[in-house]
Amino acid sequence: MTLPAPTEDAAALTRFIETHFHERHRMEMPDLAAMAARVEQRHTADPHVPHGLSALLQRMIGAMEVHMKKEELILFPAIRRGGLPGIESSIAVMRADHDDHTRDIAEIRRLTGNLTLPAGACRTWSALYYALAEFLDALAEHIRLENDVLFPPFEKGAA
């Protein structure tokens, strides 16, 4: 069961995002990349193998770590203080990163045939797609909470 996000309190929401999403992404992504590498290596001749998935996930690990650190060290502390002058530019950078993450989600779905397992997929392949589905759902919700709930009150012209 997913905990409800505290959407009425920006400071509480930043803490929720850090503990519910940032920690989870840091824990899950290396395992996803390792499973993807195993599937790609063991089933290299299979036409359904998601060639390039492990490299994409490895790149995402680095990009998301930089993104999450910017939030944790700069943006979220500013939000917890009620916003600071110039916060709009930090939010714009985060939104651009979110656009990149959304493109990565689409590429994962393309590489995996929208997480469609081939007949006779091994346990690792099945576990990979199951875990990827959970990761993609969590990442999409993470992005939605920030873009649609957390950021708007701190952007220029917000009511």
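Report whether or not residue 28 is part of a helix (DSSP H, G or I) and in contact with a Phe, Trp or Tyr (Cβ under 9 Å, 6 or more places away or on another chain).
yes
Could you check the stretch 75-159 for helices (runs of 4 or more DSSP H) lying wholly inside it with 3 or more residues that are at pLDDT 95 or above and within 27 Å of residue 54 (Cβ to Cβ)?
Working: elements: 76-80, 87-111, 123-144.
Here the list reads 87-111, 123-144.
Pairs needed: first member in the stretch 16-40, of a type in the set (Phe, Trp, Tyr); second member anywhere, at pLDDT 95 or above; C-beta distance under 7 Å; at least 6 residues apart or different chains.
From the stretch 16-40, the pairs are 21/138; 21/142.
From the list 115, 139, 132, 150, which one is on the phi > 0 side of the Ramachandran plot and among the aliphatic types (A, V, I, L, M)?
Values: 139 fails: on the phi > 0 side of the Ramachandran plot; 132 fails: on the phi > 0 side of the Ramachandran plot; 150 fails: on the phi > 0 side of the Ramachandran plot.
From the options 115, 139, 132, 150, the qualifying one is 115.
Across the stretch 19-37, what is the total count of residues that are more than 17 Å from residue 110 (Cβ to Cβ) and either of a type in the set (Gly, Ala, Ser) or surrounded by fewer than 15 Cβ atoms within 10 Å (Cβ to Cβ) (or both)?
9
Can you tell me which residues in the stretch 41-57 are crowded, with 19+ Cβ neighbours inside 10 Å and either among the small types (Gly, Ala, Ser) or not in a loop (DSSP other than H, G, I, E, B) (or both)?
53, 54, 57
How about the stretch 73-119: which of its residues are surrounded by fewer than 15 Cβ atoms within 10 Å (Cβ to Cβ), farther than 17 Å from residue 153 by Cβ and of a type in the set (S, T, N, Q)?
Listed by number, the residues that qualify are 102, 114, 116.
The values are calculated or read from the model by the stated rules, or taken from the named source; none is laboratory data. Everything numeric here is computed off the predicted structure, so don't read it as measured data. Cβ: placed from backbone, ideal geometry, glycine included. Neighbour counts: every protein chain shown.
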